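Single-structure report; data block below.
The values are calculated or read from the model by the stated rules, or taken from the named source; none is laboratory data. Keep in mind it's a predicted model, so treat the numbers as computed, not measured. Please note: Cβ atoms are built from the backbone with ideal geometry, for glycine as well, and neighbour counts cover all protein chains shown.
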Amino acid sequence: MLLALGWSLSALIVSAILLALLFQQAAIRRVDQTLGELIDNLVAGSTVEGNQVFAPPFTDERSLRVYSGRYWEIAEPTADGKLRPFARSTSLFDSMLSPPSDLAARLKAKPGKAIAYDTHGPLNEPLRARAQQNLLPGRKAPVIFLAGEDRSSINRDVRGFAAATAVAFLLLGAGLIVAIVMQVRVGLQPLFDLQSEVSDVRRGKAQRLAATYPSELTPLADELNALVGHNQEVVERQRTHVGNLAHALKTPISVMLTEAAQRPGDLSEVVTRQTEAMRQQVDHHLRRARAAARMQGQGERTSVAEVLDELSRTLERIFLEKGVVIDWDAAEDVYFLGERQDLLEIAGNAVENACKWCKSKVRVRAEALGPDRFRLLVEDDGPGLPPDRRDEVVRRGTRLDETAPGSGLGLSIIDELARAYGSILILGDSSLGGLRLEIDLPRAEA
Amino acid sequence: MRILLVEDDPDLSRQLKVALADAGYAVDHAPDGEEAQFLGETEPYDAVILDLGLPKVDGVSVLERWRRENMATPVLILTARGAWSEKVAGFDAGADDYLTKPFHTEELLARLRALLRRSAGHSAPSLACGGLRLDPRAARASVNGEPLRLTSLEYRLLHYLMMHQGRVISRTELVEHLYDQDFDRDSNTIEVFIGRVRKKIGPERIETVRGLGYRLTCPDEETGGEAQAS
């Protein structure tokens, strides 16, 4: 675009200058022609008497009026290269045309040929002048005829023309710039659209490219969609595969644990210990597979309100006997930038932990922190956790109370997942009296 | 107490049958989804233990069909899949509890006891209003036969409105009945809950009476207010 602009603008400038020069030359040629005719008249009308040359009687007004702007002079070259005048136009009054000092020499070199030059008139006005050396009948020595014309009107005309041309070309140039910019904008618009759509897919605002593109771009858009689809498929397949394998192991593990528990003895102890180890491995690798799939996956966006609604229903049913009431609230426009499963896992473990420890009340809030972060707050009215124990619970997954149901790993799982999204789990005191869990998560644009 | 055990792994089935029988339950066993579907619809069980990964028909589909047919029997789901997304799907299909494999037999028995106690404890009659139905025994509601997915506060709101259908109920009254004494909610948030419930049961059912409060209206059927002891 810049190249096209630069080229067009320099072409415009060069043509404008050329036009002005051409106009000037044409004007000067016209003046030279008039001066040539004046000299021709002088040559034809001059009479020789002895050593003296007399000019013809001129009656045109401009030759008579003083300083009119048209002048002529008849002279002869002297031995030292200067001019000695015989006669001059009345308009010159008592001044002389001031020819260049080498004029006589130049005329002598080319007798009969006219020389045009620029000089200044009696009022110091710019003057276009012409000189010619001729032989007159009845006289041996050559005579020099000079004529001059005020050129300030020409200069004015040329300036006026140049100014008009400049204005016209400026307008033309501005129009060209606008046209080129518009053309590039319009021409490249589909590419800009494509770029913004691809970026939407990357940021999880869209699953695929949806806009209609000109036929030249359609194959590219289709290929990009195929690539996105393929990526999602690979991630999903990998996750399903690992999930199936790990989950398939859980029933045998359950059977072995139960069987071993029913037949006490050395063998059963070993089986129980080893089976427990297997179970931990399975859990660990399930989480690892999930994390790996997450790294490759396309960003998704998940409605936080929907997830909290689902979780509240589920957990209130799980803790139905205890009569837990979950009071959740999330702005409609808060979306999690990431996998739905991960938000379910983070919020699920957090709210489950709160339900486990609360007396009856759990408060869940999702608050926007800005355009790209939001904060998940989970509070309960339970006993809380002394500050000096918080770190060990979160970072090492220690189980604090063997009597509370569940694996006891909930909080460390939250922390692990939060870290995958560039955050950490922060524990604090709730105004309800119990523990307060705080996790900042990436927010997707609504 | 008669229990239906749905589990496809023979070893686990045998172990569980023994444990359940030892605990004093009568146990029927279904090794696949089809048989489970049939037994659940024909026999009067007190509770069902349902594995989700089943041959022929998967556990969630079986459960969803039972619930659509208004079978209220408490169901405990047994599954290898412990992710929250799977738990939510299980409860949304109508499960009452959820146990992840591997588990200890004692825990399963404890959960089962709690489930049976819970379902026996409630004897309140179900409420109906137009196509709306609310069953306090199972703490479930449905609209035109489709199960409604309500949180506890939403359920309480709908329950209160259904108990007083046709009457205008003020916000203050709703706040008092929705929250326990010391829930620090101001009455504006009632609007949020009304909005959520409207979204789930259809916007025209709860009428806003300007300046006074809300009213639940029951179109068509004249069953409004009728209490069915079921």
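Being assigned by TED's automatic domain parsing to the domain that holds residue A:432, surrounded by fewer than 17 Cβ atoms within 10 Å (Cβ to Cβ) and modelled with pLDDT of 80 or more is a property that holds for residue A:367.
Only a single item in (1) more than 30 Å from residue B:194 (Cα to Cα); (2) over 16 Å from the mean Cα position of the chain (by Cα); (3) buried (at least 19 other Cβ atoms within 10 Å of the Cβ) is not met by residue B:106, and it is number (3). Take the conditions within 13 Å of chain B (Cβ to nearest Cβ), modelled with pLDDT of 85 or more and buried (at least 24 other Cβ atoms within 10 Å of the Cβ) and apply them to residue A:350. Does it pass? Yes; evaluated as a whole, the condition is true for this residue.
Scanning the stretch A:239-258 finds one or more residues that are of a type in the set (A, V, I, L, M), in contact with an Asp or Glu (Cβ under 6 Å, 6 or more places away or on another chain) and crowded, with 19+ Cβ neighbours inside 10 Å. Residue-level check: of (1) over 30 Å from residue A:350 (Cα atoms); (2) modelled with pLDDT under 85, residue A:227 misses just (2).
Could we say that residue A:309 is within 8 Å of chain B (Cβ to nearest Cβ), surrounded by 16 or more Cβ atoms within 10 Å (Cβ to Cβ) and outside any helix (DSSP H, G or I) here? Answer is no for this residue. Taking every residue in the stretch B:18-42 that is surrounded by fewer than 14 Cβ atoms within 10 Å (Cβ to Cβ) and pairing it with any residue that is in a loop (DSSP other than H, G, I, E, B), at least 6 positions away or on another chain, the pairs with Cβ-Cβ distances below 8 Å are B:24/B:1; B:26/B:1; B:41/B:69; B:41/B:71.
In the stretch A:313-327, the qualifying residues are those that are facing chain B (nearest Cβ under 7 Å), in contact with a Leu (Cβ under 8 Å, 6 or more places away or on another chain) and in contact (Cβ under 8 Å) with a residue 24 or more places away in the chain, and the one that is farthest from residue B:98 (Cα to Cα) is A:327.
Inclusion of residue A:118 among residues that are free of Cβ contacts under 8 Å to residues at least 60 places away in the same chain and either closer than 20 Å to residue A:34 by Cα or surrounded by 13 or more Cβ atoms within 10 Å (Cβ to Cβ) (or both) is warranted. Among strands (runs of 3 or more DSSP E) entirely within the stretch A:43-102, having at least 2 residues that are touching a residue at least 60 places away in the same chain (Cβ under 8 Å) and touching a Leu at 6+ places or on another chain (Cβ under 7 Å) singles out A:70-77.
Looking only at the stretch B:6-27, filter to residues that are over 18 Å from residue B:94 (Cβ atoms) and in a strand (DSSP E or B); which one of those is nearest to the other protein chains (Cβ to nearest Cβ)?
B:27
Could you grab me the full set of residues in the stretch B:171-210 that are out of contact with any strand residue (DSSP E or B) (no Cβ under 6 Å at 6 or more places or on another chain), modelled with pLDDT of 85 or more and more than 27 Å from residue B:147 (Cα to Cα)? Residue satisfying the conditions is B:210 alone.
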